[in-house]
Amino acid sequence: MDNHIEIEEGSLLTYLMCPECGTVHNASVINTVCTNDICRSTLYAQYNLSTGLNKRILQNRTATMWRYREFLPVIDEKNIVTLGEGFTPIIPIENLKKFTGNIRVFWKDESGNPTGSFKARGISAAVSKAKELGITAIATPTAGNAGGALSAYAARAGIKAIVYLPKQTPQIFKDECRLYGADLVEINGSISDCGKLLNEHAVLNGWFQVSTLKEPYRLEGKKTMGYEIAEQFNWQLPDVIFYPTGGGTGLIGIWKAFDEMEQLGWIGSKRPRMVAVQSESCDGIVKAFNAGHVVSDFTDGGFTVANGLRVPKPYADKLILKLLRESGGKAITISDEEMIAAMKEIARNEGMLIAPEGAALWQAFKKLKSAGWINPEEKVLLINTGSGYKYLENIKTI
C-alpha cells in the first residue's frame, strides 16, 4: 500500500522555463518565446510534480484532455474553453496484417476531435490560457487545420480570431474559418510567408500570436496525447511512435509528457523510438537528421496534398532533431503519390478515412519494417492527425 496523495488539484503550473538556456519566466503574465536573444527558444511550462499525485486521480474523470488538468496551464477552471477535445481512440490494424506480420500496429485516431484534427488540443489550451490572461484578439498563420480550430475555440471564448492561410489550401479549410467568424487573409506562398506577414500586422494591430511553438501553451495541449498513450496502453509505452512532422509541436509535446509522467512515478524510464515523417515537399528535418545537423535548412518544394506538412522550417527544429536522436529514432520522407495510395489502402481495408499526413505514416512503417528497423513483436503506434474528409478536394478517389 502506498502513501501517495489522491486529492484532486487544480493546475500545478509554477513557471515557464527555456529548455535551451534555463531562463525562468513568470507564467502569470503574457509570454511568447525566451527573452534571451541568443536562443529565442520555445518556453516549456513547468509544474510541481513532487506532490505525490497517484494516477488513480484519473478514475471517473471526463474522457477529454482536461482529465489531466493538474498538468495543464489554466489556473481557474472557469477559463477552460473546451469542445470535448481529446481522449481519442487507439485502434488496432485488423485487415492489413499481411504488412504488419507479428508486429502489433495501432492507430491513435485524432480525426474525431472538434474541427476534425489534433489541432483542437493545442488550440484549446492556448485559447483557454489567453482568456485567463485577458487577451482579446488572437492570430495565427496556418496550413489549414490550426486555423479552423482557432476560429472555433475563439468563437467559443468570445475572442477575435485572425487567420493567415496559403491560397493553395483546400477550400473547406477557408470556409470553416469564415463560418466560425474569423477574419481570414489568403496569401500567395507557404505558411512561412503567412507567418512573416502576420508578424508585421500583429505588431501594428496588437494581436497576440499563437504561431506553432512561438507561445508556450499549444504545446501543453498537444502533450496530452502522450498522457493518453500511456494511460490507454496501461502505462506501458509503445516501442515505436510514428508522427507526421510539420511544425512538430505534437512530437515535442508527447516527449515532454513522458518526462513529466516519469517524474510523477507513473511510468518508467523506457521511451519509444520516435519517427518523424515528412512530405517530399518539405523534408528539411529528414535531411538535417540524416546529415547529423542540429538545425534544419529552409526547404520548400511547393504544394503537397498533405498541407499540414508544408512547413519549410519548423521554429523548434533544434528540439525536434534532439529528441529524435535521444530516442534512437528516425526521420523519413514520403511522396504525395505514396500518401494517396495509403489513404485508399487504409480506407478500403480498415474503414478509416485518414488525413494524408496520417497516411504518410503507414508508408513509412512499411518501409522501415522492410528495412528491418522494427523488430518482431514490437508495439508500434501511428498517430493519424486528422480527418481525410477535409482533403478530398485534392484526392482522386479512383
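The values are calculated or read from the model by the stated rules, or taken from the named source; none is laboratory data. All values derive from a computational prediction rather than experimental measurement. Note that each Cβ is placed from the backbone with ideal geometry, even for glycine, and that neighbours are counted across all protein chains shown. Please note that ligands, DNA and RNA were not included when accessible areas were found on the heavy atoms of the full protein model with its side chains. Shrake-Rupley method; radii C 1.70, N 1.55, O 1.52, S 1.80 Å.
May I ask you to list the residues in segment 179-212 that are farther than 17 Å from ALA120 by Cβ, among the aliphatic types (A, V, I, L, M) and not in a strand (DSSP E or B)?
ILE191, LEU197, LEU198, ALA202, VAL203, LEU204
Sort out which residues of segment 88-115 are open to solvent by less than 20 Å² (accessible area, probe 1.4 Å) and either free of Cβ contacts under 8 Å to residues at least 12 places away in the same chain or of a type in the set (Lys, Arg) (or both), and write them in order of number.
Across segment 88-115, the qualifying residue is only LYS108.
Scanning segment 342-373 for residues that are outside any helix (DSSP H, G or I) and surrounded by 24 or more Cβ atoms within 10 Å (Cβ to Cβ), which turns out farthest from the chain's Cα centre (by Cα)?
ILE354
For segment 71-84, state whether one or more residues are of a type in the set (Ser, Thr, Tyr) and either more than 30 Å from ASN205 (Cβ to Cβ) or open to solvent by less than 20 Å² (accessible area, probe 1.4 Å) (or both).
no
Would you check which residues across segment 131-151 are open to solvent by 10 Å² or more (accessible area, probe 1.4 Å) and either assigned to a helix (DSSP H, G or I) or not aliphatic (A, V, I, L, M) (or both) and list them?
LYS131, GLU132, GLY134, THR136, PRO141, ASN145
Can you report the number of residues in segment 279-310 which are open to solvent by 20 Å² or more (accessible area, probe 1.4 Å) and β-branched (Val, Ile, Thr)?
Going through segment 279-310 one residue at a time, the tally reaches 3.
Could you list, in sequence order, all residues of segment 240-265 that are hydrophobic (A, V, I, L, M, F, W, C) and either open to solvent by 10 Å² or more (accessible area, probe 1.4 Å) or in contact with a strand residue (DSSP E or B) (Cβ under 9 Å, 6 or more places away or on another chain) (or both)? Spell out the reasoning first.
Step one: list which residues in segment 240-265 are hydrophobic (A, V, I, L, M, F, W, C), which gives 240-242, 251-252, 254-255, 257-258, 261, 264.
Across segment 240-265, the qualifying residues are VAL240, ILE241, PHE242, LEU251, ILE252, ILE254, TRP255, LEU264.
Just one of the numbered conditions (1) assigned to a loop (DSSP other than H, G, I, E, B); (2) in contact (Cβ under 8 Å) with a residue 60 or more places away in the chain; (3) more than 20 Å from PHE258 (Cα to Cα); (4) not small (Gly, Ala, Ser) is not true of LEU49; which one?
Tallying (1) assigned to a loop (DSSP other than H, G, I, E, B); (2) in contact (Cβ under 8 Å) with a residue 60 or more places away in the chain; (3) more than 20 Å from PHE258 (Cα to Cα); (4) not small (Gly, Ala, Ser), LEU49 fails exactly one: (3).
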